[in-house]
1. Rounded to the nearest 500 deg cm²/dmol, what is the calculated helix-only ellipticity per residue at 222 nm for the chain, with -39500 (n - 2.57) per DSSP H run of length n ≥ 4?
2. Longest span of the chain, sites excluded, free of GluC sites (Glu not before Pro) in DSSP loop with at most 11 other C-beta atoms within 10 Å?
3. Rounded to the nearest percent, how much of the accessible area of the chain (1.4 Å probe, protein heavy atoms only) is carbon and sulfur?
4. For the pair Asp97 and Glu274, how long in nm is the line joining their label points, each one 7 Å along Cα→Cβ?
5. Take the Cβ-Cβ distance between Gln136 and Thr243 as r, set R0 to 35 Å, and report the resulting FRET efficiency rounded to the nearest 0.05.
6. Among the listed pairs Lys189/Lys237; Lys207/Lys271; Lys237/Lys271, give every one whose C-alpha distance is greater than 23 Å.
7. Over every pair of different alpha-carbon atoms in the range 298-428, take the mean of 1/r and invert it; report that Kirkwood radius in Å.
8. May I ask which of Lys294/Lys356; Lys160/Lys253; Lys253/Lys356; Lys327/Lys356; Lys160/Lys287 have a Cα-Cα span longer than 27 Å here?
Amino acid sequence: MRLTPIFKLMATLAVTHLLVGTLQAAPRELDRIVAIVDDDIIMESELAERTAEIATRMKSQQGQLPPKDALNEQVLERMIVENIELQMADRAGIRIDDNQLNETLANIARQNNMTTDQFRETILQEGMSWASLRDQIRRELTINQMRQRRVGARIQISDKDVDAFLNSELAKTNLAPDYRLGHILIPTKQDTDVAAAEETALMVYKKLKEGADFSSMALQYSAGETALSGGDLGWRKAAQLPTIFADVALEMKAGEVSAPIRSASGFHIIKVLELRGGTEQMVEQTKTRHILVKPNEIRSESETQHLINEIHDDVVADPEQFPILAKTYSDDPGSAMQGGELGWVNPGTMVPEFEKVMSETQPGGISEPFQSNFGWHILQVEERRRQDMSEEFRRNRARQMLQRRRFDEELDGCLREIRQNAYVEIKL
């Protein structure tokens, strides 16, 4: 396109004005690069902002700051490692969507007894940017996922590791529940009283095993300090149990009574009146089976719904046909060949729609057709039972504790490794 003379003149004047303004203005550096990190850079303004945030936090907590150069160096090094991790996360396809970010912010607000709006208002009143906070939380979530994936892959916890940990004193303290114990003491004042005291203790133990009331027996026979309150020692942590019978109590379940335990003061009988916390887990399991029908290339949504209704009518008319119909029609390959059997299902293992219908269906009952994100289902509840999952839960807790301990040990090495393998050029 050709410019007319008047437009050429205007363009010339504009350029001249710009050049004159540039020559007259004093040179001013807006920002500069302080570090090149692989395919990214860190700007001086970013370093200054992060340093100011950390300095403010340190001052409120400790009151004294390190020299500015030392603080800058520490903060820049942390930013470099974070930058490397964020680039690795991006290449690994790790993304934090807005829903996950909003949920995290809502949880932070709840922990501070605020609504999300109140939390946002507080952040703004403190002079912080809500957008900057969102970016910071998103970065932290991304880095955390990256660390879990990279460091977690390096940690292997074997069954032998779990067994060894469960036998340690640390596990007995951390995994033990709170105990409410009943205590009966049959005293011995002289050596000649030992046989008689033991005989009384065995008699009391026998009666308790036969169902005698512990409180009444304590009032009648115990010389312990809590005899008048039925021998009730109250709630105690495992580490707070008297050493005389602590080891015995740790091996007992709620309602169990110990055999007489000998000490210098006499014979002790204890009963675990209650347990709370710890690893006691009684779970209501449901034995169920289902038929799943999905829409596909040759079956529309309405045709799928029509088919599940027909199957439901056939099952209601003859429940014995459920396994045959599951093998014939179910689109769940994992259960179809077993006649739709899912076995014993623990709470929380199925999608919410399935959980809701399963919990509302009585044993022997067949549900109405219902929809989940997998397709259309009908289910039959065969049985329910309460199952003691304490041992499985205890082992899972132990495995998680070992995982956390080893994660912290591995993380430092992992961070040093990725720092050494990255291209970093510092320009401070």
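The values are calculated or read from the model by the stated rules, or taken from the named source; none is laboratory data. No experiment lies behind these values; they were computed from the predicted model shown. Counting neighbours? That spans all protein chains shown, and the Cβs are built from the backbone with ideal geometry, glycine included. Please note that ligands, DNA and RNA were not included when accessible areas were found on the heavy atoms of the full protein model with its side chains. Shrake-Rupley method; radii C 1.70, N 1.55, O 1.52, S 1.80 Å.
1. -16500 deg cm²/dmol
2. Numbers: sites that count: Glu29, Glu126, Glu210, Glu225, Glu251, Glu297.
Result for the longest clean stretch: 298-428.
3. Percent of accessible area from carbon and sulfur atoms in the chain: 50.
4. In this crude label model, Asp97 to Glu274 measures out at 4.4 nm.
5. Computed FRET efficiency for Gln136 and Thr243 comes out at 0.10.
6. Numbers: Lys189/Lys237 31 Å; Lys207/Lys271 13 Å; Lys237/Lys271 15 Å.
Where the Cα-Cα span goes over 23 Å, the pairs concerned are Lys189/Lys237.
7. Result for the range 298-428, one decimal place: 19.0 Å.
8. Cα-Cα > 27 Å for Lys253/Lys356; Lys160/Lys287; rest within.
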